[in-house]
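Okay, so here's the structure we're looking at.
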Amino acid sequence: MRALSLSEGWGMTERGRITEPRPLAIVGLMLLLTTIISCGGGGGSSEVEPSPPPPPPPPVFTPGTLFFDGTASSNMVRSFEITGEGTTDVAEIGGGLAAADIDDDGDIDLYVVGGNGMPNSMYRNEGNNVFIDIAGEVGLDITHLGSGPAFGDIDGDNDLDLFVGAVEGDPIYLFRNDGLTFTDITATSGLNLRPGNTVSASFSDYDLDNDLDLVLAHWGNDPEPDTETIWQNNGDGTFVTASIPSGVAENLIIDTGNSAPLFDFTFAPMLSDIDRDGDPDLLFAADFKTGRIFLNNGDATFSDITDNEVIIDRNGMGGAAGDYDNDGDMDWFVTSIFEVPSISSDPNPGNRLYRNEGGGVFSDVTAEADVADGGWGWAVCMEDFDNDGDLDIFHVNGWEEVDPREEAGVNDYTFDQVRYFENNPGLTETDGIFIEAADQMGLVDNGQGRGVVCFDSDRDGDIDLVITNNQVDKGIVFYRNELDNDNNYLNIRLVSQTLNSKGVGAFIEIDDGQLEQVREIRGSNHFVSQNPAEAHFGLGRQSSADVTVYWPDGSISSVADVSANQELVITQ
């Protein structure tokens, strides 16, 4: 390139490409003509209107937390393997884990199931992000195609008993906790299940008699008059089927008008008081457009209030309820399948976020929240992972089969990365907008995720993650949360002197002087997975909060000016 002389300059095209040099005299003439034209030929003001300043660039998203893979040092090793012939896709669906403090030492332990290539594991938390498998010592080392375990105090003796589902006709189990020795009481429990698949299980007191009942999801079972979904606790840890008298059975199996047969396609039962009237309602994430919302009538019956114009997830897999917008009621997030348009003119729209408008009436806010693309989603948590005072969303995903029509493989979910949706990161002024930030958070697992539990493993004040993948080489993945800010927290557990000893169904509200938040104590399942029955609040920079507990029996407990950064136990 030759050097410019004083009589030449560089020109620019409209696309900004460098052109050949032009004489400066010509450039000057062009500038003069431009000035004359902009002044309106002398008929208007000679002053040129200034251009408005460009808008400021959006703030850069800086994650408030980082996760590190602590699987190797955690001592948790599992392989998901299926042995035997004649199994179907259902065996690849089941599995999962449940989180609870089974030995009452303050740390959360894990029961992990899935595959019949090795016994189930009962990992006792040693308190330093190290776990020891004690399943053989406590009587829980069973081998079956287990799925969707759930802990709950079924007999009111203040320790946690255990239900374990199963698929492909393998046996289900109910274990009574006898002081860290678990006794198989299945045969005398009344749980004589006919369905061959019991994918997920939840505990809650749906009939308001102060003991924990059992709600089950049976994906792919024939449409019997009794779906064996609701099991009423007799008060002594034995159960009787109540799906028909509760009104659930007659509304659970519906004709969707598509090619799916009339089966029970339920995947994940979430018990949550969506209308804040004091009784748990039932939100069912279910496959093939069969997701349902059952409102509790307060008399041990439910009414189907599903609005099919709003509840449009086509393949609901997992579900989580939480107050993502901090308006005092429980919203509902459902994982599903997101398809890039290719072979279908009407692709699956993916995850759904349903905002509670009050009274259990929902609206679909997925588009404005930007959470649809979750690949092939399964288990999900809504927790405040960065302790900034709002709920974030994490879910696992994956599926090993690709539609044979997909020559380009655009909808291949074999190595699909997990999703982390950060709530309102400051990129917009609109409340409730999420940004997908798994990479920034260090969450890179791309296994065949099915289950996930979210809890504070090391009691350092932030929520960690344990994932179960349905594959041989990495059946379990443990992500340790190393909070990357100075935000404070408050963790709350409840103790009741009633049969419902953990306060399942209670609402906990806090007011830290800047923000009001609410959590619900649950024994629910968000697809083959159960979080511990406790409440975690992020406080941001606030140093204290007032706490109010609304117990399931209608009584109220209040504690004022609770200092941050502690675990608070409130006794009824």
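The values are calculated or read from the model by the stated rules, or taken from the named source; none is laboratory data. Computed from a predicted structure; not experimentally measured. Cβ sites come from the backbone with ideal geometry, for glycine too, and all protein chains shown count toward neighbours. To get the accessible areas, we keep the full protein, side chains included, count just its heavy atoms, and leave off ligands, DNA and RNA. Shrake-Rupley method; radii C 1.70, N 1.55, O 1.52, S 1.80 Å.
Taking the criterion of being acidic (Asp, Glu) and modelled with pLDDT of 80 or more, the only residue of region 44-78 that qualifies is ASP69.
Which fully enclosed strands (runs of 3 or more DSSP E) of region 309-425 have 2 or more residues being buried (at least 24 other Cβ atoms within 10 Å of the Cβ)?
Numbers: elements: 319-322, 331-334, 352-356, 362-364, 377-383, 392-397, 419-423.
Once the strands (runs of 3 or more DSSP E) in region 309-425 are filtered for at least 2 residues that are buried (at least 24 other Cβ atoms within 10 Å of the Cβ), what remains is 319-322, 331-334, 352-356, 377-383, 392-397, 419-423.
If you check ASP141, ASP170 for being without any contact (Cβ under 8 Å) to a residue 40 or more places away in the chain and over 23 Å from SER496 (Cα atoms), only one passes: ASP141. Filtered by the rule that a residue be charged (D, E, K, R) and in contact with a Gly (Cβ under 6 Å, 6 or more places away or on another chain), region 102-118 gives a lone residue, ASP107.
One residue alone among ILE467, ILE476 is surrounded by 22 or more Cβ atoms within 10 Å (Cβ to Cβ) and more than 17 Å from the chain's Cα centre (by Cα), and that residue is ILE476. For ASP222, the requirement of being touching a Gly at 6+ places or on another chain (Cβ under 6 Å) and charged (D, E, K, R) is not met. Taking the listed residues PRO245, PRO223, PRO269, the one that is open to solvent by 60 Å² or more (accessible area, probe 1.4 Å), modelled with pLDDT of 95 or more and on the phi < 0 side of the Ramachandran plot is PRO245, with no other qualifying. Screening region 542-572 for residues that are part of a strand (DSSP E or B), among the acidic types (Asp, Glu) and over 25 Å from the mean Cα position of the chain (by Cα) and picking the one that is surrounded by the fewest Cβ atoms within 10 Å (Cβ to Cβ) gives ASP561. Listed by position, the strands (runs of 3 or more DSSP E) enclosed by region 114-170 that each have at least 2 residues that are closer than 28 Å to ASP222 by Cβ are 146-152, 161-166. Considering each residue of region 539-558, count those that are over 18 Å from GLU520 (Cβ atoms) and among the hydrophobic types (A, V, I, L, M, F, W, C), and give that number. Final tally of qualifying residues: 1.
Pairing residues of region 503-530 that are free of Cβ contacts under 8 Å to residues at least 40 places away in the same chain with residues that are among the acidic types (Asp, Glu) and open to solvent by 10 Å² or more (accessible area, probe 1.4 Å), at Cβ distances under 6 Å and at least 6 apart in sequence or on separate chains, gives ASP511/ASP546.
For region 129-156, what are the residues that are open to solvent by 10 Å² or more (accessible area, probe 1.4 Å) and over 25 Å from the mean Cα position of the chain (by Cα)? Selection gives ILE132, ASP133, GLY136, GLU137, GLY139, ASP141, ILE142, THR143, ASP155, GLY156. The set of residues from region 69-113 being assigned to a loop (DSSP other than H, G, I, E, B), open to solvent by less than 30 Å² (accessible area, probe 1.4 Å) and closer than 17 Å to VAL167 by Cα comprises PHE80, GLY94, GLY95. For region 282-293, the candidate set comprises residues that are buried (at least 24 other Cβ atoms within 10 Å of the Cβ) and not in a strand (DSSP E or B); within that set, the residue that is nearest to the chain's Cα centre (by Cα) is GLY291. Would you mind stating whether VAL547 is of a type outside the set (Ser, Thr, Tyr) and touching a residue at least 40 places away in the same chain (Cβ under 8 Å)? Yes: the conditions hold for VAL547.
For region 164-181, taking the residues that are over 17 Å from LEU212 (Cα atoms), among the hydrophobic types (A, V, I, L, M, F, W, C) and under 29 Å from the mean Cα position of the chain (by Cα), the one that is most open to solvent (accessible area, probe 1.4 Å) is identified as ILE172. You will find that of ASP279, ASP255, ASP275, the residue that is over 19 Å from the mean Cα position of the chain (by Cα), in a loop (DSSP other than H, G, I, E, B) and surrounded by 19 or more Cβ atoms within 10 Å (Cβ to Cβ) is ASP279 and no other. Candidates ASN234, ASN296: the one that is modelled with pLDDT of 95 or more and open to solvent by less than 10 Å² (accessible area, probe 1.4 Å) is ASN296.
Which of the residues spanning region 103-127 are more than 20 Å from the chain's Cα centre (by Cα), within 15 Å of GLU534 (Cβ to Cβ) and not charged (D, E, K, R)?
Let us first name the residues in region 103-127 that are more than 20 Å from the chain's Cα centre (by Cα), namely 103-107, 115-127.
Next, from what is left, pick out any that are within 15 Å of GLU534 (Cβ to Cβ): 104-107, 125.
If the condition is that a residue be more than 20 Å from the chain's Cα centre (by Cα), within 15 Å of GLU534 (Cβ to Cβ) and not charged (D, E, K, R), then GLY106, ASN125 are the ones that fit.
Residues in region 483-509 that are buried (at least 21 other Cβ atoms within 10 Å of the Cβ) and among the β-branched types (Val, Ile, Thr) were compared, and the one that is farthest from PHE385 (Cα to Cα) is VAL504.
Of (1) within 28 Å of PHE265 (Cα to Cα); (2) open to solvent by less than 20 Å² (accessible area, probe 1.4 Å); (3) in contact with a Leu (Cβ under 6 Å, 6 or more places away or on another chain), TYR123 satisfies all except one. Which? Tallying (1) within 28 Å of PHE265 (Cα to Cα); (2) open to solvent by less than 20 Å² (accessible area, probe 1.4 Å); (3) in contact with a Leu (Cβ under 6 Å, 6 or more places away or on another chain), TYR123 fails exactly one: (1).
Only a single item in (1) more than 23 Å from GLY523 (Cα to Cα); (2) in contact (Cβ under 8 Å) with a residue 40 or more places away in the chain is not met by ASN308, and it is number (2).
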